[in-house]
Structures are given as structure tokens and as C-alpha cells.
Ligand code: PXG
């Protein structure tokens, strides 16, 4: 290993493997990265599901440069700067009707913690302080902080970290390959998986439960598309029992599903939405929680000189992030990107499903511009087949992502049809070579 690689303790990386043969990206533009060997790499995962408008878009670059020169930082507690209000207003205008309050964070993980705290505090402020329990879902990913891994359902992200939050339950996941393998778009079967929520409610009584959090499409666990009717049923059950419904749209937000949010695409309005990634297209770290007016208003009581919600981050609504967010939203609007995934969905889906029948391909899932290709694991060596395919594609100049033995595809929303073909053809070759 080169000594200069030693100090950096890398996030979510097989670091000894990586440091023997590092993959270093040094430049980006539009649909592409360039690596330190000067090779051009087609970005099939929008960086890490975040670069929705493509890389280094001129308006965004210019906005960040101008903001850095004008004002580096403004304290967000008891002070503010104009772009914070402007960006909140623009995000609220994109949101489903009634979801018009925006709380800024710096990441998806922080958005999740913020939403969970808001939910518990909301019930307390309304005089139901016993509603503290939180419900997540098996295979859910809600970032890596303690709240997020507690409601999250990926055991590898939980098992090393002790007792986590107390008062958390999980409903079952929605993966059902026996009935739904190779579904194009939303699977037909499984709306009834939402009824598992009734089981948990029966166990604890609804009066003790604050909120349910789910990803509308589960991303990190390997792209699980919600069965038809499933999210509607979750909404009905939450309404019946006075439980808040939180959609974690860190991946699905900002056009991934063909609408600004998956809540729009699936026609189900939650009480809160957690955001990050596409909000600034990955250019500057930023997250946000969108909340219904009614949730916000519950806090607005008591003496006006007192802080209503004791929560926030030094870098909430950071000027660079706000400038980047405004320019990113402008780029989405200029180019119609928040609905483009809907126009490409059929083409993308067909291309992806052409991999059916290849060796070891046991399921293909797609919605909007997100897809997953599930492979049979190598006996006794889970994740190794997908790792090999990921590395092979990278050698061929295509960046994808793998999780378990699932290959995830989630390109920038500016992708062209030939680039979809190129990604799928490269993946086809790699799957065949891995057989
Ligand atoms: N919620 C969801 C639904 C996410 O997908 C987070 C929260 C946390 O966001 P931050 O910004 O704190 O990382 C995420 C993040 C992958 C992968 O390919 C996915 C994410 C992050 C890194 C890798 O599985 N999603």
C-alpha cells in the first residue's frame, strides 16, 4: 500500500482491499467521471444516488463560487441569511400539498434523526407524550446515526453498535421473489404486507406509537419497489391510529421516480419527508425535513421569546449549500429533470429486463430511473459475485454500485438512451464473465 493512503479511515469500504488497488476519481462533468489514470467513466449511479442533474453543472458551479466569495458562513441560530428562506420556499413549492415547512440538515442521516425527534416532540406538544415508540421496516436504510440504525433494518449496519434506541419495532419488508420476481415497475403482490403494521400496533397499542418510517422505494438494501397499494395501505393504517407516517426520500427525492418526490409518483402523502442527496445534486452536503404545516404549528405555542424546537446544526442552511440547492433546483426546472425519469422509465426498464435469462440473474426490479439486478450469491461467499461484477464494469468504464449480491443502477437524470444501452451492455458482459 502507498503510505499516503494510510491515514484516511474510509467510510463503508473494504479498505484493505481498496488500498491495494485504489480507484481514485479526479474530475467530473455531466454524465462522466475521470479517474487518476485519465480514463473516462460513465456514471451509472449518480455518484452515490445523489448527482441527479449530472456533474459540475455550470449554474451550480457558478453559484457555489459566487457564494464562497460573498459570504462563507452565517450563524443559523437566532440569525439567518436570505437564501435559506428562498430555498425553503422553493422546496416547499415542489412538495405535496400541505407539506410546506422545511428544516435544514447536512445529510440524510441527520434528516432522519430530525424527523424522528420532530415526531416524538410533536406528540408531546399535543399532550400525548406517551407516544414515543418508533416503527421501521426490515431491510430499511435510514442512515447511520443511532436513530437511523435503530429504525433501520439492515443487520450489518446494526449488529456492532450495542443496544441502539429502545422502543423500536420493525414491520416486515416487502421483498417477495416467489410471487414478484422480474416485475416491471410496481409488483402486483404484497399490498397486504402493510397489515404487519397492525400486528405491531396490537402489541403496543397505538397510543404509545409516534411514527412509522419507510423508504417508498428501499434503495440501499437493493432496490425494493413497493407493491401496488402497499403505501396507500400504510397511510390508511397510520391515519386510523393517529400515527405519523415518514417517507425517507433521501434517494427517491428530486426526480428519481419521475416526479419531484415518490410521494407524488405513488399518490400517497406522508406527514414528513426526509431529504438530502438530490437537494444539492451532491455538490455541497445538505439535507432537509419537509413537514406538514399542522406538525409545525403544534410547536408554535408559549411565550414568543422562547425557542420552540430545541434542535438544529451549526451548518443547518449553510450558505454554500443553499446557493448550491437553489442553482440545482433551477437546473432541474430549466431542463425538466424532475419528470424526465418518467419519460425514460419504459426504455430503462426494457433495457434492464433484457438481462433476464443471463447466468445467476434471479430478479430484476425497476421504477423511474432506478434499477436493481439480483444475482445468486457464490456459495459461502456472499457479495463476492456482485463485487466482481462491479469491479469488471469499472474496468470497462462504467460506475455502478453493489449491495449484497444486488447491482444497483441509478444514473443522473440527464442520461441519454445510448448511455442506458451502454450501461446495460457493459453489465451484461460482466455478468457473463462472472458466470
Ligand atoms: N436515508 C436513505 C433512504 C438513504 O438512502 C440515508 C438516509 C443517509 O444519508 P447520508 O447522507 O447520511 O448518507 C441514505 C443514504 C448505497 C448507499 O449505495 C446509500 C446511501 C448512502 C451511501 C450508500 O447503498 N443512502
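The values are calculated or read from the model by the stated rules, or taken from the named source; none is laboratory data. Just so you know, these numbers come straight off a predicted model, no measurement behind them. Virtual Cβ from ideal backbone geometry, glycine too; neighbours counted across all protein chains shown.
Criterion first (under 28 Å from residue 367 (Cα atoms) and surrounded by fewer than 23 Cβ atoms within 10 Å (Cβ to Cβ)) does residue 115 satisfy it?
Numbers: under 28 Å from residue 367 (Cα atoms): yes; surrounded by fewer than 23 Cβ atoms within 10 Å (Cβ to Cβ): no.
Spelling it out, it is not the case that residue 115 is under 28 Å from residue 367 (Cα atoms) and surrounded by fewer than 23 Cβ atoms within 10 Å (Cβ to Cβ).
Looking only at the stretch 375-388, decide whether some residue is closer than 19 Å to residue 50 by Cα and in contact (Cβ under 8 Å) with a residue 24 or more places away in the chain.
The first filter runs over the stretch 375-388 and keeps only residues closer than 19 Å to residue 50 by Cα, leaving none.
No - not one qualifying residue is present in the stretch 375-388.
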Requested in this report: For the stretch 50-88, name all the residues that are surrounded by fewer than 18 Cβ atoms within 10 Å (Cβ to Cβ) and not in a loop (DSSP other than H, G, I, E, B).
Outcome: 58, 59, 61, 62, 65, 66, 68, 69, 70, 82, 85, 86
**Report entry** Selected residue (criterion: nearest to the chain's Cα centre (by Cα)) from residues of the stretch 389-415 that are away from the ligand (no atom under 16 Å from the Cβ) and touching a residue at least 24 places away in the same chain (Cβ under 8 Å)
**Finding:** 413
Query raised in the report: Looking at the stretch 129-141, is at least one residue surrounded by 23 or more Cβ atoms within 10 Å (Cβ to Cβ) and closer than 27 Å to residue 339 by Cα?
Result: yes
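Can you confirm whether residue 11 is without any contact (Cβ under 8 Å) to a residue 40 or more places away in the chain, within 16 Å of the ligand (Cβ to nearest atom) and loosely packed, with under 11 Cβ neighbours inside 10 Å? If you could, list the steps in order and put the result at the bottom.
On the way: without any contact (Cβ under 8 Å) to a residue 40 or more places away in the chain: yes; within 16 Å of the ligand (Cβ to nearest atom): yes; loosely packed, with under 11 Cβ neighbours inside 10 Å: yes.
Here the answer is yes, as residue 11 does meet what is asked.
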Requested in this report: Please work out if residue 247 is in contact (Cβ under 8 Å) with a residue 24 or more places away in the chain, more than 17 Å from residue 55 (Cβ to Cβ), within 11 Å of the ligand (Cβ to nearest atom) and not assigned by TED's automatic domain parsing to the domain that holds residue 43.
Outcome: yes
Requested in this report: Considering each of 229, 282, 253 in turn, give the residue that is more than 16 Å from residue 99 (Cα to Cα), within 11 Å of the ligand (Cβ to nearest atom) and in contact (Cβ under 8 Å) with a residue 12 or more places away in the chain.
Outcome: 282
Query - Scope the stretch 31-49; condition away from the ligand (no atom under 16 Å from the Cβ) and assigned to a loop (DSSP other than H, G, I, E, B); matching residues - result: 31, 36, 37, 38, 39
Query raised in the report: Within the stretch 101-158, how many residues turn out to be out of contact with any helix residue (DSSP H, G or I) (no Cβ under 8 Å at 6 or more places or on another chain), within 11 Å of the ligand (Cβ to nearest atom) and part of a loop (DSSP other than H, G, I, E, B)?
Result: 3
